Ligand SMILES: [Zn+2]
């Protein structure tokens with residue numbers, strides 16, 4: 001045990017006998033009718049609170065904010081965000097700028113503090129880059145005296161969309177398994193391999209096939225990200241990297257290469273990569289491995305060996321490869337919108353609860369259909385705007401600060417939250433909890449999968465359900481949500497911490513979970529309109545959204561006022577169990 005569990009102390013979930021037991025504390029609390037008076041009391045209160053570990057506000061004291069959260073208001077805010085006016089809110093469009101400006105204007109109206117500087121209050125800008133490979137990029141392999149096997153771009157290979165321009169580099173290839181160095185999982189594909197000046201040939205994703213999600217879950221790292229693999233190879237001294245695509249994926253055709261389809265990356269992140277990186281088809285990977293002294297191996301056999309034993313099977317290859325990459329690039333502006341409700345406690349205000357939702361969505365399709373993104377994530381963004389008002393409604397302010405963050409570029413790969421985690425306006429080591437709202441407006445609806453024992457989810461059975469993902473890393477958070485939910489009465493589920501869909505790393509909370517911050521993701525589940533133009537405001541369950549935001553309001557008060565913050569727990573004991581099957 002790390003330290004003592006502090007019982008949730010809202011009157012919404014405190015039984016009468018418990019209330020009586022902490023009567024002395026409550027008597028003092030009731031004096032906190034206004035912020036100045038409360039601040040005056042805190043000097044003498046602090047000692048008592050630290051001794052007892054109990055801190056409380058009564059529901060009555062914060063009920064005005066609670067009742068501000070109403071479905072009618074949510075409906076009009078959400079309808080506006082998911083309207084034609086914002087045209088699908090795609091990053092890089094004028095409407096994305098308009099969305100950010102609208103959110104900032106609400107934060108300003110609610111009197112939130114800006115910590116992003118004076119240039120554009122509340123707006124944290126970040127630069128994204130898109131790169132389209134040029135036709136002069138080349139990859140070839142020296143086979144026999146002077147003879148080269150030249151790979152075909154758009155068929156055998158494609159430069160990675162985040163790679164640097166590179167003059168021709170020449171290096172002997174090494175097969176470096178999955179290209180992963182994971183000390184906490186006691187797994188290293190690069191161990192005992194001479195990497196200096198070599199070209200690493202690596203497989204995509206994680207070892208172990210269907211067990212791969214365990215790697216995310218237990219390590220909280222992006223080991224499967226090709227860019228991470230390239231940076232890992234670079235750190236080991238490699239001169240270049242060839243990432244082999246999975247056997248069921250083909251290299252994108254040259255005709256599909258344009259800025260409309262190009263992947264975006266954070267400029268600050270890709271600038272660190274200096275070695276050329278390419279993707280190659282699995283068939284090409286087979287050729288690279290087979291045309292080698294170690295010809296008794298096939299790529300498939302090597303992969304099977306790693307997957308079955310969950311141990312590296314790296315080896316030097318005989319052949320020399322030549323790589324040259326060249327790109328056309330475009331810069332795109334991303335924007336996070338961040339507003340702070342300063343805490344009222346002179347000491348605890350230095351800590352914060354971070355609540356996020358993403359304001360971007362997918363824009364307009366080539367045939368001019370608007371992706372309205374009502375659930376994804378106008379619902380969560382509406383939540384932020386309504387919370388900004390709710391926390392200003394009553395006479396009290398929470399002890400800790402509350403940071404509201406509307407992330408940009410989530411749909412492009414959590415890029416806004418990634419940028420924030422690298423450049424926080426409120427220190428991460430003082431961020432005690434992160435709560436992400438992404439798709440909180442619908443009733444889960446999906447076909448079942450009998451093979452996995454998953455029942456069909458029907459709209460009419462899920463009018464009151466909310467999933468909370470990430471609580472495996474903080475059982476404290478789960479208990480606080482459960483306790484506060486005694487007033488809101490939602491059906492809470494915790495089924496998405498692991499599983500094939502990998503939900504835990506599919507929204508912005510992931511960037512904070514990776515940093516060891518207790519983080520949860522509130523989510524009402526998938527539905528047939530997910531990432532379709534039909535995700536519209538008329539399909540939202542506003543009554544449920546009201547309950548969700550009221551639950552969040554109560555839980556945030558609880559988190560902000562408790563003396564002891566929630567604990568982060570790496571699920572090691574379970575990981576150790578899984579370790580018998582894992583590397
Ligand atoms: Zn989405």
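With respect to the chain, whose longest principal axis is taken over its alpha-carbon atoms, helix 71-81 is tilted by about 40°. Remark: 512, 521, 526 ranked as 526, 512, 521, counting other beta-carbon atoms within 10 Å and listing the fewest first. Potential lengthening of the chain between residue 531 and residue 71 amounts to 163.2 nm, from the contour at 0.36 nm per residue minus the alpha-carbon distance.
Spin-label model, residue 430/residue 64: points 7 Å from Cα along the beta carbon direction are separated by 2.8 nm.
Express as a percent, rounded to the nearest 5, the fraction of DSSP beta bridges in segment 425-583 (both residues included) that run antiparallel. Kindly include the intermediate steps, with their values, before the conclusion.
Details: 5 of 12 bridges.
DSSP beta bridges in segment 425-583 are roughly 40 percent antiparallel.
Between helix 379-393 and the chain there is an angle of about 30 degrees, using the helix long axis and the longest principal axis of the Cα atoms. For the chain, the calculated P(r) over all alpha carbon pairs, in 20 Å bins from 0 to the bin holding the longest distance, is 20, 48, 27, 5, 0 percent. Of the beta bridges in the chain, as assigned by DSSP with both residues counted there, near 60 percent are antiparallel. Every helix of 4 or more DSSP H residues in the chain counts as -39500 (n - 2.57), and over all residues that averages to -9000 deg cm²/dmol at 222 nm. Multiplying the residue separation of residue 506 and residue 366 by 0.36 nm and removing their Cα-Cα distance gives an extension gain of 47.9 nm.
Between residue 268 and residue 422, the simple label model (points 7 Å from Cα in the Cβ direction) yields a spacing of 0.6 nm.
Which angle from 0 to 90°, rounded to the nearest 10, does the C-alpha axis of helix 226-235 make with the longest principal axis of the chain? The angle comes out at about 70 degrees. Of the DSSP beta bridges with both residues in segment 135-325, give the percent that are antiparallel, rounding to the nearest 5. The answer is about 60 percent antiparallel.
How would you rank 304, 375, going from fewest to most other Cβ atoms within 10 Å of each one's own Cβ? Mind showing how you got there, number by number?
On the way: 304 13, 375 30.
Fewest-to-most Cβ neighbours within 10 Å comes out as 304, 375.
Residue order for 358, 531, fewest other beta carbons within 10 angstrom first, comes to 531, 358. If R0 is taken as 51 Å, the Cβ-Cβ distance between residue 119 and residue 301 corresponds to a FRET efficiency of 0.35.
For segment 320-446, the share of alpha carbon pairs falling in successive 10 Å distance bins from zero is 11, 34, 29, 15, 8, 3, 1, 0 percent.
Just to verify a number: FRET efficiency for residue 127 and residue 459, C-beta to C-beta distance, R0 = 30 Å, to 0.05?
Details: r = 41 Å, r/R0 = 1.37.
The pair residue 127/residue 459 has a calculated efficiency of 0.15.
For the pair residue 449 and residue 101, a Förster radius of 45 Å applied to the C-beta separation gives a FRET efficiency near 0.55, rounded to the nearest 0.05.
Each reported figure results from applying straightforward, stated rules to the coordinates on display, with no laboratory input. All values reported here derive from a predicted model rather than from experimental measurement. Counting neighbours? That spans all protein chains shown, and the Cβs are built from the backbone with ideal geometry, glycine included.
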